[in-house]
Amino acid sequence: MINAISFKKTSALAAAALALTFAALPVQEAEARRGRNAALAAGLIGGALIGGALLAPRAYAAPVYGHGPVYVDEPVCYRVRERVWDDYRGRWVRVTRRVCE
């Protein structure tokens, strides 16, 4: 299964490869017979527009919530500085701890 991101990257890479292929073609004299140059220009512009539309970020609808705000009693927290014995260092050290009620 191909996810949307890898599809977008693959599409962008294919569009870039196609654009580079057309850019590498030899340039001919400007002539109005049979409209070849106009068709090439129209194809490049149309490909850019379609590629931009495919790679544009999608708009999402606003989220729908319940019937009103929900209030949650959050605990009251505060910080306390204490002296504790550190066995690794072999001495008393000061630490700051968070205490919630």
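Some observations on this one:
- Looking only at segment 47-82, residues that are under 30 Å from Glu101 (Cα atoms), modelled with pLDDT of 80 or more and of a type in the set (A, V, I, L, M, F, W, C) come to 3 in all.
- Across segment 27-46, the qualifying residues are those that are surrounded by 10 or more Cβ atoms within 10 Å (Cβ to Cβ) and more than 35 Å from the chain's Cα centre (by Cα), and the one among them that is modelled with the lowest pLDDT is Gly35.
The values are calculated or read from the model by the stated rules, or taken from the named source; none is laboratory data. Computed from a predicted structure; not experimentally measured. Every residue, glycine as well, gets a Cβ built from its backbone with ideal geometry; the counts of neighbours run over all protein chains shown.
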